[in-house]
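This report concerns only the one structure given below.
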Amino acid sequence: MVKEVSCINAGFEDCAFLIRSENEDEIVEFVRRHAERVHDTSTSRDHIEKIMVDV
Ligand SMILES: [Zn+2]
């Protein structure tokens, strides 16, 4: 099943970042890296899993 995480779902409504993958580990890794680089914030796997949706 393909999952999606977007910054909009995380509350960053002015950021167009979005990732889709069947691999949850990959999504978590990408999102954490993006959050640190672009939003200067760290995010937990729990939080990412909460905003992850099936597509
Ligand atoms: Zn973002």
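Scanning the stretch 30-44 for residues that are exposed (fewer than 15 other Cβ atoms within 10 Å of the Cβ) and more than 10 Å from the ligand (Cβ to nearest atom) turns up 33, 36, 40, 42, 44. With the structure loaded, tell me whether residue 55 is of a type in the set (Val, Ile, Thr) and either away from the ligand (no atom under 13 Å from the Cβ) or loosely packed, with under 15 Cβ neighbours inside 10 Å (or both) or whether it fails that test. It is true that residue 55 is of a type in the set (Val, Ile, Thr) and either away from the ligand (no atom under 13 Å from the Cβ) or loosely packed, with under 15 Cβ neighbours inside 10 Å (or both).
None of the figures in this text is laboratory data; all of them are computed from the coordinates on show. All values reported here derive from a predicted model rather than from experimental measurement. Every residue, glycine as well, gets a Cβ built from its backbone with ideal geometry; the counts of neighbours run over all protein chains shown.
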